[in-house]
Amino acid sequence: MKSNSRLVRHMVKLAFDGQKWDLLNDIITILSKKRAIIKFAIRNMIRDCVEMVDKIPNDKEKNRFIETLRNVTAGKIYVEVERARLTKRLVEQAEKENKLEEAWNYLMELQVETYGSMEMLEKVQFLLYQMKLSVQRKDFVRASIISKKISIKFFDNKSDEIQNMKIEYYKYMVEIGLQETNYLDVCRHYRALFETAKIQADKDKMKEVLKCVVLFIVLTPHGNEQWDLLHRVHLIRQMELIPEYNNLIELFINEEVIPWKEVILAKYEALLRQGVPGISPTHVFSYSEEGNKRWKSFHERVGEHNMRMVAKYYTQISFDRISFDRMAEILEYPVDEMESFLCNLIVTGIIPDAKIHRPSRIINLRARRADIETLDQWGSNVKKLTDILNKVSHLILKEEMVHRHLVDTPSSKSK
């Protein structure tokens with residue numbers, strides 16, 4: 001075993017030292033096809049060749065040498081790590097030459113998640129590189145698939161290298177979430193970034209990330225997960241550093257109608273879109289196409305919140321033009337869009353019990369109860385009332401007995 005290994009390595013070294021590049025490529029190709037040579041010797045020879053790559057002065061010969069090594073290592077499990085590293089060299093070179101498609105094709109040949117001999121750290125580096133190129137070529141579906149190959153528990157390590165990889169990973173995840181307009185996931189990704197030790201150490205970055213957490217949670221349509229996360233974000237201690245954004249969250253937590261013009265436009269539009277002295281804006285509501293789209297979604301979320309508050313305090317609303325105009329005026333939502341907006345809230349389950357009865361021109365905001373349900377509730381309420389009366393009667397009798405005993409005791413002593 002050892003003699004075979006020394007022999008093939010020495011043959012390669014002689015050709016390399018003599019700068020016989022054609023001979024070097026031929027030797028590697030021939031030796032790798034010899035079945036009599038054991039895998040251990042081939043692996044050692046390939047490892048030596050990988051170290052020789054940087055020492056070749058000519059770029060043309062270097063690329064040719066790398067291609068030769070990639071060809072002889074194809075399909076061989078015992079040299080899969082070396083093949084992956086050689087491929088990464090080609091990818092980096094193609095990326096420098098702005099050949100993004102070629103670089104992506106090279107890198108996607110590698111299924112590094114199946115490589116048992118590769119360290120986890122190096123695996124994650126390769127997967128992050130695949131995510132990076134996929135995001136650059138706008139292939140967000142592929143990037144999302146690759147992201148699922150990385151275990152989040154890997155980022156629990158507090159070393160600087162792994163924390164940098166964690167930040168890179170969640171930045172790609174944010175881009176994927178924004179592309180899919182999945183604001184709840186984007187909020188979760190920013191929250192994971194906020195909990196990173198490196199972000200916590202930088203006060204400015206921490207405030208910037210926390211602002212994004214707040215804005216994306218209020219951009220998320222109402223639901224159980226959104227409502228729970230909204231309260232969790234509100235309880236974060238560092239929210240004291242950005243009181244204006246904390247007040248914005250409280251508007252959505254309080255069960256009151258949010259005036260769009262008097263509150264949002266007057267107090268928060270400049271803060272969220274342009275920034276005010278001492279408080280820089282985020283990219284969320286910038287004046288770009290995406291920023292304007294998110295600002296429109298924010299208006300819908302405010303209208304959604306207000307409609308939920310109306311449904312909480314009203315059971316029916318007439319559907320005639322005057323009342324509908326009045327409701328649109330109260331909610332500060334365009335009259336022409338009010339009906340479609342309301343229908344969308346019903347379909348998406350924000351106000352699931354609401355129904356529009358067009359013949360009678362009425363909007364029922366709560367589901368009609370069946371007679372048996374009303375009777376059951378009435379019976380339950382009567383039972384609770386009788387239980388309370390029995391308990392109160394018992395306590396009154398108990399107090400009377402105690403008082404009677406205290407009155408009778410002094411008179412008996414005097415006798």
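FYI, it's all coordinate maths here, none of it is from the lab. Everything numeric in this text was worked out from a predicted model, so none of it was measured. Cβ atoms come from the backbone with ideal geometry, glycine included; neighbour counts cover every protein chain shown.
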Most fluctuating residue given options 377, 130, 200, as computed from a GNM of the chain linking Cα atoms under 10 Å: 377
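Over the alpha-carbon set of segment 99-199, divide Rg by the Kirkwood Rh and report the Rg/Rh ratio to two decimals. Could the numbers behind the result be given before it?
Values: Rg = 13.6 Å, Rh = 14.1 Å.
The Rg/Rh ratio comes out at 0.96.
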Taking Cα atoms, the helix 371-414 axis meets the longest principal axis of the chain at an angle in degrees (rounded to 10) of 60
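Is there a pair in 88/198; 148/203; 88/132 whose C-alpha atoms are over 19 Å apart, and which pairs would that be?
Values: 88/198 28 Å; 148/203 31 Å; 88/132 13 Å.
With Cα atoms farther than 19 Å apart: 88/198; 148/203.
What is the gain in length, in nm to one decimal, between residue 34 and residue 171 on full extension, counting 0.36 nm per residue of separation less the C-alpha to C-alpha distance?
Numbers: separation 137, 0.36 × 137 = 49.32 nm, distance 4.72 nm.
Answer, rounded to one decimal: 44.6 nm.
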How far apart, in nanometres, would the label points at residue 314 and residue 406 be if each is projected 7 angstrom from Cα along the Cα-to-Cβ direction? 5.5
Set 205/261; 60/96; 261/293, cut-off 22 Å on Cα-Cα distance; pairs above it are 205/261
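Given a Förster distance of 25 Å, report the FRET efficiency between residue 366 and residue 296 from their Cβ-Cβ distance, rounded to the nearest 0.05.
0.30
Go through segment 144-225 and name the trypsin sites (Lys or Arg not before Pro) that are in a DSSP coil and have 14 or fewer other Cβ atoms within 10 Å of their Cβ. Walk me through the numbers before you get to the answer.
Details: sites: 148, 149, 153, 158, 166, 171, 188, 191, 198, 203, 205, 207, 211; in loops: 148, 149, 158.
Answer in residue order: 148, 158.
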Tell me the angle of helix 21-33 to the major Cα principal axis of the chain, expressed in degrees between 0 and 90 and rounded to the nearest ten. 70
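How much FRET efficiency would the formula 1/(1 + (r/R0)^6) give for residue 289 and residue 154, where r is the Cβ-Cβ distance and R0 is 35 Å, rounded to 0.05?
Numbers: r = 36 Å, r/R0 = 1.02.
Plugging the Cβ-Cβ distance into 1/(1 + (r/R0)^6) gives 0.45.
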What is the angle, in °, between the Cα long axis of helix 183-194 and the longest principal axis of the Cα atoms in the chain? Nearest 10 is fine, range 0 to 90. 70
Quick check: pseudo-label points 7 Å beyond the Cα along Cα→Cβ at residue 108 and residue 120, how many nm apart are they? 2.8
Expressed in nm to one decimal, what extension gain is obtained for the pair residue 179 and residue 161 from 0.36 nm per residue of sequence separation less their Cα-Cα distance? 3.7 nm
Principal axis dimensions, largest first and in whole angstrom, of segment 1-148 by Cα: 49, 32, 22
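So what are segment 201-294's ellipsoid semi-axes, whole angstrom, largest first, if each one is the square root of 5 times an eigenvalue of the alpha-carbon gyration tensor? Working shown, then result.
Details: eigenvalues 72, 64, 37 Å².
Values for segment 201-294, descending: 19, 18, 14 Å.
Could you work out the relative contact order of the chain? I mean the mean sequence separation of Cα pairs under 8 Å and 6+ apart, divided by the number of residues, in percent.
Values: 354 pairs, mean separation 27.5, N = 415.
For the chain, the relative contact order is 7 percent.
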Alpha carbon centroid spacing (whole Å) that separates segment 127-186 from segment 249-302: 27
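Thinking of the chain as a set of Cα atoms, what percent of all their pairs are more than 40 Å apart? Walk me through the numbers before you get to the answer.
Values: 42116 of 85905 pairs.
In whole percent, the share of Cα-Cα pairs in the chain beyond 40 Å is 49.
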Over segment 216-293, what is the relative contact order in percent, taking alpha-carbon pairs closer than 8 angstrom and at least six residues apart? 14
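Would you calculate, for the chain, the mean residue ellipticity at 222 nm contributed by helices, counting each DSSP H stretch of 4 or more residues as -39,500 (n - 2.57) and dividing by all residues, to the nearest 500?
Values: 19 runs with 283 residues, N = 415.
Result for the chain: -22500 deg cm²/dmol, rounded to the nearest 500.
What number in nm² do you get for segment 222-358 if you take the convex hull of its Cα atoms and divide its surface by four? Before the final figure, lay out each step's value.
On the way: hull surface 37.2 nm².
If you wrap the Cα atoms of segment 222-358 in a convex hull and average its projections, you get 9.3 nm².
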